[in-house]
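One structure is given here, and the rest of the page talks about it.
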Amino acid sequence: MKETRFFFVPDAENQQELPQDEAMHAMRVLRLRSGDDMMLMDGMGNFFSAEVTIAATHHCYYAIKEKLHQERQWAGKIHLAIAPTKLMDRMEWMVEKAVEIGVDQISFLNCSYSERRLLKLARLEKIVISAVKQSHKAWKPTINEMEFFKRFVQAPLDGEKFIAHCYDEVPRTYLFDELRSISNPDSPVTVMIGPEGDFSIEEVNLAIKNGYKSVHLGKSRLRTETAGLSAIMMMQLAK
């Protein structure tokens, strides 16, 4: 049985041609031809069964045969806010796996102990799109520009908010227990993960002052990217 090929096409319903990157992949790598079937995804909850109408060297035109609205795979909105690691390849790997597991939004934090304060958002967007296609996700997660920690924690956010840290002197509860105790499964959830040197104690206290609950991720001390994925998995399992 021939594998169905997925292509990311924003506003696919109102277009007739694959974006350039997708067209190059369809033509040069997959060698699609007129009459071949494919599946389009718009990142907004819809798949489209489509057929190639014109296959040229740099262009791929299509006709939609059927719109297939997808049901959400989890309740509520899952939001990870994380300080990127010094080695960007570790953060790129985390973003890819986070999308495959399932996340709605990823924000990046510029913290007191951050070792990376700049991001190439365009590269991360490409990684996200590739992971969305590979894992057949109907919604493309939102990737936000890096933001200063203080501005982020003071901004209004709906739902439940948690900050994970390693300070024993600040009372903490286990994140998964907190997530399972949320009475409304549709409630949005935000979890913050600090840099390799953790949040500063001042940042932890500021977050608590602004409505974040103090939590830990278990007995093991985790790398930043591992902590991010652990938090997402807990949010998924709790929902």
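Would you mind checking the tilt of helix 224-238 against the longest principal axis of the Cα atoms of the chain, expressed as 0 to 90 degrees and rounded to 10?
For helix 224-238, the angle is close to 80 degrees.
Compare the Cα positions of 148, 52, 231 along the charge dipole of the chain (+1 at Cβ of Lys, Arg; -1 at Cβ of Asp, Glu; about the Cα centre) and return the one farthest towards the positive end.
Of the candidates, 231 comes out farthest on the positive side.
Between residue 173 and residue 134, what is the spin-label point distance in nm, taking each point 7 Å from the Cα along the Cα→C-beta axis?
Going from the residue 173 label point to the residue 134 one covers 3.6 nm.
What pairs in 65/126; 150/213; 126/239; 67/137; 97/120; 137/213 have C-alpha atoms more than 20 Å from each other?
Details: 65/126 27 Å; 150/213 16 Å; 126/239 28 Å; 67/137 15 Å; 97/120 18 Å; 137/213 30 Å.
Check vs 20 Å cut-off fails for 65/126; 126/239; 137/213.
What part of the accessible area of region 1-109, given as a whole %, is carbon or sulfur when the probe is 1.4 angstrom? Walk me through the numbers on the way to the answer.
Working: 2640 of 5600 Å².
Heavy-atom surface of region 1-109 belonging to carbon and sulfur, 1.4 Å probe: 47 percent.
When the C-alpha atoms of the chain are aligned to their principal axes, what extent does each axis show, in angstrom, from largest down?
Result for the chain: principal-axis Cα extents of 65, 37, 32 Å.
Suppose a student asked you for the relative contact order of region 115-239, using Cα pairs under 8 Å spaced at least 6 residues apart; what percent would you report?
30
What is the Cα coordinate range of region 1-98 on the first, second and third principal axes, sorted by size from largest, in whole angstrom?
That works out to 45, 32, 29 Å along the principal axes.
Between region 186-239 and region 23-94, how far is it from one alpha carbon centroid to the other, in angstrom?
30
Convert each backbone phi in region 134-147 into a coupling constant with the Karplus relation 6.51 cos²θ - 1.76 cosθ + 1.60 (shift: θ = phi - 60°), then list the ³J(HN,Hα) values in order as whole Hz, x for Gly and Pro.
Each residue's phi maps through the Karplus curve to give 4, 9, 6, 8, 7, 10, 8, x, 8, 10, 9, 4, 5, 9 Hz.
What distance in nm lies between label points placed 7 Å from Cα along the C-beta direction at residue 233 and residue 49?
3.6
Stick to the Cα atoms of region 56-130, pair each with every other, and give me the Kirkwood hydrodynamic radius in Å at one decimal.
Details: mean 1/r = 0.0661 Å⁻¹.
With all distinct Cα pairs of region 56-130 included, I get 15.1 Å.
With a sphere of radius 14 Å drawn around the Cβ of residue 175, what net charge do the other residues whose Cβ falls strictly inside it have (Lys, Arg +1; Asp, Glu -1)? Kindly include the intermediate steps, with their values, before the conclusion.
Numbers: positive: 161, 172, 180, 213, 219, 239; negative: 160, 177, 178.
It works out to a net charge of +3.
For region 1-143, calculate the relative contact order in percent as a whole number, restricting contacts to Cα pairs under 8 Å that are 6 or more residues apart. Before the final figure, lay out the partial values.
Numbers: 248 pairs, mean separation 31.8, N = 143.
Rounded, it is 22 percent for region 1-143.
Long-range amide H contacts for residue 109: which residues qualify at under 5 Å (H placed 1.01 Å from N, peptide plane, sequence gap of 5 or more or a different chain)?
82, 83, 147
Name the long-range amide H neighbours of residue 140: under 5 Å, sequence gap of 5 or more, or other chain; modelled H, no Pro or chain starts.
Amide H neighbours of residue 140: 43, 44, 45.
Taking only protein heavy atoms into account and a 1.4 Å probe, give the accessible area per residue of the chain in Å².
Details: 12540 Å² over 239 residues.
Using a 1.4 Å probe on heavy atoms only, each residue of the chain averages 52 Å².
Using θ = phi - 60° and the Karplus form 6.51 cos²θ - 1.76 cosθ + 1.60, what ³J(HN,Hα) does each residue of region 180-191 get, whole Hz, x for Gly and Pro?
5, 8, 5, 6, 9, x, 7, 5, x, 10, 10, 10
Give me a comma-separated list of calculated 3J(HN,Hα) values for region 89-105, in order, Karplus coefficients 6.51, -1.76, 1.60 applied at θ = phi - 60°, integers in Hz, x for any Gly or Pro.
Whole-Hz 3J(HN,Hα) from phi for region 89-105: 5, 5, 6, 5, 4, 4, 4, 4, 5, 4, 5, 4, 5, x, 8, 9, 8.
Using amide H atoms built in the peptide plane, which far-off residues or other-chain residues are under 5 Å from residue 53 H to H?
35, 61, 62, 63
Suppose the chain between residue 63 and residue 148 were pulled fully straight at 0.36 nm per residue; how much longer would it get relative to their current alpha carbon spacing?
Values: separation 85, 0.36 × 85 = 30.60 nm, distance 4.48 nm.
This chain segment gains 26.1 nm when fully extended.
Under the 0.36 nm per residue contour assumption, what length would be gained going from the current alpha-carbon distance of residue 71 and residue 223 to full extension? Present the calculation step by step, with values, prior to reporting the outcome.
Working: separation 152, 0.36 × 152 = 54.72 nm, distance 3.34 nm.
Extra length available between residue 71 and residue 223 comes to 51.4 nm.
Restricting attention to region 22-106, which GluC sites (Glu not before Pro) occupy a DSSP loop and are surrounded by at most 14 other Cβ atoms within 10 Å?
On the way: sites: 22, 51, 66, 71, 92, 96, 100; in loops: 71.
Passing both the DSSP loop test and the Cβ count: 71.
The values are calculated or read from the model by the stated rules, or taken from the named source; none is laboratory data. Not measured: the values here are computed from a predicted model. Please note: Cβ atoms are built from the backbone with ideal geometry, for glycine as well, and neighbour counts cover all protein chains shown. The area values use the complete protein model at the heavy-atom level, side chains included, leaving out ligands, DNA and RNA. Shrake-Rupley method; radii C 1.70, N 1.55, O 1.52, S 1.80 Å.
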